[in-house]
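Have a look at the structure below, then the notes.
Any read-out appearing in this document is the output of simple, stated calculations on the displayed coordinates, not a laboratory observation. Quick caveat: nothing in here was measured; it's all calculated off a predicted structure. Cβ placement follows ideal geometry from the backbone for every residue including glycine, while neighbour counts extend to all protein chains displayed.
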Amino acid sequence: MSVVEVLFLLLGLAALGSALLVVSTKNMVHAALWLVVTLASIAGIYLLLAAEFVAWVQVLIYVGAVVVLLLFALMLTRAPTGPQPDTTVARVLPAAAVAVLVAALLATTVVAGFTGVRLDLDGAVVGSAATTGETIFEKWVLPFEVLSVLLLAALVGAIVLSRLRTDDTEDRGRPREQRDAQEVRR
Amino acid sequence: MPLWWPLLLASLLFAIGVYGVLVRRNAVLVLMGVELMLNAVNINLVAFDAHLRDVLHGGQTFALFIIVIAAAEVGLALAIVLLVFRSHGHIDVDRLRGLADRDPPTEPSGGDGVTAHSALTGPGRTR
Amino acid sequence: MSALLLGLVLLPFGSAALSLLVGHRAEVAVKGLSVGASGLGLVLAGVVAVPQLGDAAATGQVYASTSAAGPPIELSMYVDQLSAVMLLLAHTVSFLVQVYSLGYLAADPRYPSYTALVALFTGAMTVVVTADDLWLLLVGWELMGACSYFLIAHHWELPEAREGAVKAFLMTRTADLGLLFAIILLGIRFDSYRISTIMAAISDGGFVRDELWLPAMLLGAAVIGKSAQFPLHTWLPDAMPGPTPISALIHAATMVAAGVFLVARTYPLFLSAPAALNLLAGVAALTMLLGALYALLSEDLKRVLAWSTVSQLAYMFGALAVGAYSAGILHLLAHGAFKALLFLAAGSVVHAVGSTSMSSMGGLREKLPDTFITMTVGFGALAGIAPLVGFFTKDAVIGASLDAATAGRLIWPWLAWVLFASTVLTALVTVAYCLRAWLRVFFGQVASSAEPAPTSEPAPPAEPVDEDQQPPVLVTEVHESPWAMRGPLYLLAVPTTVGGLAVAYPHLLLGSEREHHLLHPELAVVMTLLIASAAAVTIWAGRRSTGRATRRPFVPHPPVDRIYEVGLVRPVRRLALLVRAGDRDVIDAYAVGAGASARGLGWVLRLSQNGNVQGYLMVVVVGAAALAVAAGVMA
């Protein structure tokens, strides 16, 4: 068993364990923090799979921006910081059964489909910033530009949504809400 | 390393994400489940990119695109969550029943469903 | 010639459409238009028809033809001697009726539609008598039925007018089914719908006796309905609530005459199928006596005339049934003349008196001198008084039936004897009822019009009485009609008086290729004696009954209407009730049940629509997994 394999197993177990904690912990802020662990482990797995640039982007955007956004959201919605008794709905068992069903289905499919196929990482081209940049701006320019338009649309949508006013917001103080909306937009 | 290791990992992460989406009550936590599912897909893409030695690096590029899309999605979703919080005072998904098919209320002052309806479908109420 | 013919057919339709279009906006224009158009029609009919009289060869013209599978349906016209005389009759009467209506319906608010329908009626009759295609004939035939419906219901605010119209329409339409089926049968048999072709084929022979009995019987049934013969005779008297000029038009020239015309047109078919002739003879023998008896008992002047029409039509059918073609046609023409005269004169009387009941008339001889003279001529012709036209034609019919009874081969001899007896007896009863009506209307004491007598037609609004000139006293209300009404009376009196010449020279009208045996001098003498004695008996009976309350003799009425009521109307009503109940309780139950079950199912399904997004999502995930499994299993 090579070093890569050992590292993969360790990182994989960390990702799975922290992911389970993300969906099961009773403390909401802890869930966000456990999500950081999962995403970081996945970034490590990207590194192992010769996707260097994707791994750094994962760290930057996911671990950095997305988790911070989620934490902001938790705070802006005045989520309690301590453990809560009611973070899950009443239908835990049916939901778990569905999740197990999905896991069994997918796992059976991939394991049965790729048994005996080796992933040879020795001669793989490492997806460094240079190669990835060349690839994106030579081969994938059009999807890249389309994606930029999508981002712009998402930005506009977020602004429009945050400027929506409802009738029952008067009693909660509008200036504060407007400030919150600007925070979200940023 | 057998190819099915990362694939199995992705499958399990996806199932965990499904579980999180299905059971979490807080909308932000539901979003975390969605993030897990997206990452599971990304693992698949990167693993197959490495396995197939793709000249175009399609797997890694798509993983990047998905990360970008996920960021946009989180931004929009959080705007919606904040709006819901402003209009309802909470973001518990199982208490937002505005989509339920009920008899029309006899009195105009309704519960959650009515106000959510008026808040989320009323661009005419924007100012 | 052909363009003239087409113009003659199209003229009444155009006039009708124009009258309806102009309507109330310009009543004077409508009056001028309708009278002018019918006058032009009369001139055209004369131009077209007069060359065809006598020994001229018939002319035909095909204007259009279908090219679909099967025998072609053609827009084709055919004018022979028969069509010519019918054209002249129809257009003359129509023109006179239009002129007469100027006075009779001067103040009627529905004059435009009335005159348009009269024109349409004339046009339909023109189509019928000139059509060479059976389907074209059917079109005109049905159009006449529709027009008669509308015209009988002219006073549609009266329930009896509506009922009479519906009754006429239902009875004639039912009988018309016979014509429809006969057309189909003839088309299949001869592979053509052209009347002249079919009749030529039948006349050429090659058919076994009674081989074509079915279409002939069906035609006979249609004719019985259209010409109001037993057992469908009851619609004609009930059609009396229509305006009196319409009665003249229907009875003299168009509607009922079309039945006789159809038999004459398809006469070779009937000659080849004596079974149908037997049917006609039996029906005629029964109907003529029945109609005459009813006429004798009726209290209503218009009903007397209506029943007499039924009776006289039976004479024509009797003549045709025994093979006396020219006797039947000449009687039709004579009847057209004197019955139009009688109805128009009766209209004049009604116009003056304001009622159709004979109990409100009497002593009108001095007050209505012109009407008295012309109506006397008409009654004389109807009764068959010696120099008038009815005498000759009726004598021809009776003689023909006697010939058939002694030496005829067409119908059963015993039936011919029955027919002969019936014609003689009916002639006597005819004298009686004519004399009775004549005496009651024009002689005797003036009836007090204080009591409102039952009347079959609402009195036409009398002419506006000038308030300054004369105070409206009861006696001065009875006045002679305007000249627009009296003129047609005198015009019609001419052929009624001298029409007997046609019997002396029938080949001038109908050509000399047919055998005319019309004059029976010894029979005429006997009949005149009989008629005189019948008149004497009537006058004697009338003298005896004066001073006493008139006692209505009881005559058993054949319960025809009662049978229709019990056998047809009530079952149809019950069936309608049943159908309505079925519609409400069975069909609607299905619809309501379907709706209720859908609602119930919706109520159940609605329970799942609880608004819980995560619940929905769970279902989606399970469904997607199930689809994936299914796809894998199937692959």
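Here is how the numbers come out for the structure above:
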read-out	value
Under 26 Å from the Cα of C:Lys339 - lysines, other chains or at least 8 residues apart	C:Lys31, C:Lys167, C:Lys226, C:Lys302, C:Lys367, C:Lys394
Given charges at beta-carbon only (K, R positive; D, E negative), |dipole| of the protein assembly as shown in Debye	1640
Per residue Cα convex hull volume in Å³ - calculated over the stretch C:65-181	119
Neighbouring partner chain Cβ atoms per residue of B:48-59, average, 10 Å criterion	5
Burial ordering of C:Ile202, C:Ile183, B:Ile69, fewest other beta-carbon atoms within 10 Å first	B:Ile69, C:Ile183, C:Ile202
Equivalent ellipsoid dimensions for chain C as semi-axes, Å, which come from the Cα gyration tensor, largest first	52, 34, 26
Volume of the Cα convex hull of the stretch B:12-90, divided per residue and given in Å³	59
Theoretical ellipticity at 222 nm over chain C - DSSP helices of four or more residues, -39500 (n - 2.57) apiece, nearest 500	-23000 deg cm²/dmol
Order of C:Glu27, B:Glu35 under a 10 Å beta carbon neighbour criterion, fewest first	C:Glu27, B:Glu35
Cα Rg, Dmax, the stretch A:3-128, angstrom units	17.5, 51
Mean residue ellipticity (222 nm) of chain A, computed from DSSP H runs ≥ 4 via -39,500 (n - 2.57), nearest 500	-23000 deg cm²/dmol
Alpha-carbon centroid distance for the pair the stretch C:369-445 / the stretch C:217-289, whole angstrom	18
When the convex hull of its Cα atoms is projected in every direction, mean area for the stretch C:137-260 (nm²)	7.7
Exposure proxy ranking, count of Cβ atoms within 10 Å, fewest first, for C:Trp483, B:Trp4, C:Trp414, C:Trp213	C:Trp414, C:Trp483, C:Trp213, B:Trp4
Average beta-carbon neighbours from other chains, 10 Å sphere, peptide A:24-33	2
Percent of Cα pairs exceeding the 21 Å cut-off, where the set is the stretch C:563-634	64
Mean shadow area of the stretch C:1-211, taken as a quarter of the surface of its Cα convex hull (nm²)	13.7
Viscosity 1.306 mPa s, 10 °C: Kirkwood-radius Stokes-Einstein D of the protein assembly as shown over Cα pairs, µm²/s	43
Positive minus negative residues near C:Gly384 (Lys, Arg vs Asp, Glu; Cβ under 11 Å)	0
Shielding by partners - mean other protein chain Cβ count within 10 Å, residues of C:323-330	0
